[in-house]
Every structure is written in C-alpha cells, then in structure tokens.
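The values are calculated or read from the model by the stated rules, or taken from the named source; none is laboratory data. Keep in mind that what you see is a predicted model, and the values were worked out from it rather than measured. In this analysis, Cβ positions are derived from the backbone assuming ideal geometry, glycine residues included, and neighbour counts consider all displayed protein chains.
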Amino acid sequence: MASAAETAAYAAAEAERAAATVPEVTTDAAPPVSADPAAPAAADIAPLPTAQDPTRVRLHHLNNSRSERIVWLLEELGVEYDVTVHYRSKIGFAPESLKAINPLGKAPAIELGGKVYTESGAIVHLLLSTFKTPAALEAGPASGQDSVHWSHFAEGSLMLFLQPMVTISRGGEVFASRGIAGMLFGGIVGKFVAWYTGMAADNVKNMLQEVEGFLAAHENFTGGEQLGEGDFMMAYPLNAVLRRGAPAGMYLGDKTKAWVERVSARPGYVAAEKRIKDEEEKQRPAETAE
Ligand SMILES: N[C@@H](CCC(=O)N[C@@H](CS)C(=O)NCC(=O)O)C(=O)O
C-alpha cells in the first residue's frame, strides 16, 4: 500500500497532468501538394502556404522534445513557419498551454489550415505531402517502404523502450529529491524497475544493432540518397543516444554515429537547432528563466 508521501507525490503529478477543455484534433489529411509528377490533379491541389497565407504552419514546441524533428523538417523544406514554445514543468510534464492545443498534452502539434495535427510521424508525412519538396527530400506520397518502416520503427519500437528508460531515470531523480527514493526503489518496486529497465535496455541494444546493419548497407533511412520520413523520425532518438546522455550501456554503432553526425551537420539541422534555441530564449517566461 502506498505511503502518505507516495500518495501525495502521485497526486501532485496527476494534478499537473489534469487535462483542460481543448480544440478538436484532426486526423484528416490535408490535400497533398507534391513534387511527384504522378501526384493529384491540379484541381485537387491546395495552394502552398506562404508567408502571407493564413494556412502557414504554426508549430507547438515543447522544450527538449520530439518537436525538434518538425523544426528540422520545416528548415529542410525551406518554408516559413511560426513557433509557440511550451515549457516543461519542473518534473518534466507538459504545461496547460499545450493541453489547450492537444488534449493529450503531447508535442509536437502543428496548426495548419485552421486544423491541429499531432503525432510526429503523421506530421512529418503531412508536411512532406503538403509542401513542394527540394530534390534532397523524398516527397510524402513517394515514400518507399524503407522510409515508412523506419518512421514507424522510430516511435513504435525504439522510442517505446527508450522513453521509459529515460522516464524511469528522471522519476528516480524526482523521488530522490523528495526523499522517498529509498522507500520506493528499495523493495519490490525497485526489483520490478530494475527488471523493466534491463528488459528495455536489451530491446534498445538489439534495435540499435538492426539500425547499424541497415546503415552499413544504405546511405539514409529512405534506403537511398534522399532524406525522407524515416530519417526525420529516426534522428531524434539516435541523437538522444549519441548526445544527450543515454541510459547506461546504450551506444551507437560506427555507421549510425556517422549518419547522425552527417545529418546533424546539414545546414537545415544547424538552422533548426538555432531556431529552437532562439525561440526558447525569446519566449521563456520570467519565472522559468534560467
Ligand atoms: N508518439 C508521439 C509522442 C509524443 C510525446 O510523448 N511527446 C512528449 C515530448 S517528447 C511530450 O509531449 N511529453 C509531455 C508530457 O507527457 O507531459 C509523437 O511522436 O508525437
């Protein structure tokens, strides 16, 4: 049975996560505008959003989150866009301001054409299908099976195990700071957490080996020279392992490391990092200023 301190800690976390009344999130696909010559007839093609167009993209970005994927893609697409930054609470959850956009309080979310779209994989596909793609990018409607595979793999497999490892490690820090870590992690809960973390680590290690095998034989996650859905989705977890202090025992193979370093050096990626830093600094409310 939970102690009073544990119950209070959970209650505080739950209160922070309480949902607000929010606009409807759509899963409707926007009309595609593709570089693909076999793409829809002109009559079906929506005008490209421009700087003057009210359907220009607004990205809802949560600091230190998957929304970085979308900034990178928008930079590679060379379109203008707006960013609203939402800042994580002290224990890492999304604020109410994000829940007002996406009821689940998850980032990324984008506004486009008066609708809200969520799920980074779906947003990546939507943007690659909506905007005219430069030669270096694989248009959404032309996505090959490799691209689609790695896009799903990024969230449905790799993040599925990487995320809880990070969350458990962060949770341990939060409870430790409240003086209840020993109580929680010392007994049966601690044994379960250790088992779960080990199981997740084994899964992540196997997955990183699979990634290494693919990149040993292919330039990018499209399977070719172009960057596509899989690349925009895979860069975030791989960069997390490489640069952001991955959980113990996680490392990238040489080919994977080389891929992350190559894409991270692209002008679009560098511009995305700068835009994120600038927006986070510019919009930071006084009380969360560091
Ligand atoms: N599968 C979703 C995952 C979204 C997600 O979990 N986002 C995290 C940030 S990386 C988030 O918003 N966390 C805040 C919270 O859970 O309170 C996607 O790919 O968009």
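Within region 60-72, the set of residues being more than 15 Å from T118 (Cα to Cα) and over 10 Å from the mean Cα position of the chain (by Cα) comprises N63, W72. Can you spot a residue in region 272-286 that is among the basic types (K, R), touching a helix residue (DSSP H, G or I) at 6+ places or on another chain (Cβ under 9 Å), outside the structural domain of L128 (by TED's automatic domain parsing) and in contact (Cβ under 8 Å) with a residue 60 or more places away in the chain? Within region 272-286, one or more residues are among the basic types (K, R), touching a helix residue (DSSP H, G or I) at 6+ places or on another chain (Cβ under 9 Å), outside the structural domain of L128 (by TED's automatic domain parsing) and in contact (Cβ under 8 Å) with a residue 60 or more places away in the chain. In region 230-240, the condition of being surrounded by fewer than 21 Cβ atoms within 10 Å (Cβ to Cβ), under 22 Å from V148 (Cα atoms) and not aromatic (F, W, Y) is met by at least one residue. Screening region 33-67 for residues that are under 20 Å from G121 (Cα atoms) and touching an Asp or Glu at 6+ places or on another chain (Cβ under 8 Å) and picking the one that is modelled with the lowest pLDDT gives R56. With respect to G156, is the statement that it is within 12 Å of the ligand (Cβ to nearest atom) and not in a loop (DSSP other than H, G, I, E, B) true? Yes, satisfied. Taking the criterion of being at pLDDT below 95, assigned to a loop (DSSP other than H, G, I, E, B) and surrounded by 16 or more Cβ atoms within 10 Å (Cβ to Cβ), would at least one residue in region 109-119 satisfy it? Scanning region 109-119, I find at least one residue that is at pLDDT below 95, assigned to a loop (DSSP other than H, G, I, E, B) and surrounded by 16 or more Cβ atoms within 10 Å (Cβ to Cβ), so the answer is yes.
None of K106, K132 is at pLDDT below 95 and among the basic types (K, R) except K132. Summed over region 65-107, the residues that are polar (S, T, N, Q), within 8 Å of the ligand (Cβ to nearest atom) and not in a loop (DSSP other than H, G, I, E, B) give a count of 1.
Annotation note: Cβ proximity below 8 Å between a residue of region 87-109 that is within 19 Å of R69 (Cβ to Cβ) and a residue that is more than 8 Å from the ligand (Cβ to nearest atom) and of a type in the set (F, W, Y) (sequence gap 6+ or interchain) occurs for A109/Y117. The set of residues in region 201-218 being surrounded by fewer than 20 Cβ atoms within 10 Å (Cβ to Cβ) and in contact (Cβ under 8 Å) with a residue 12 or more places away in the chain consists of A201, N203, K205, M207, Q209, E212, A216, H218. Please enumerate the residues belonging to region 119-140 that are touching a Pro at 6+ places or on another chain (Cβ under 6 Å) and away from the ligand (no atom under 16 Å from the Cβ). Matches in region 119-140: S129 only. Of all residues in region 53-64, those satisfying the criterion of being part of a loop (DSSP other than H, G, I, E, B) and more than 9 Å from the ligand (Cβ to nearest atom) are D53, P54, T55, R56, N63.
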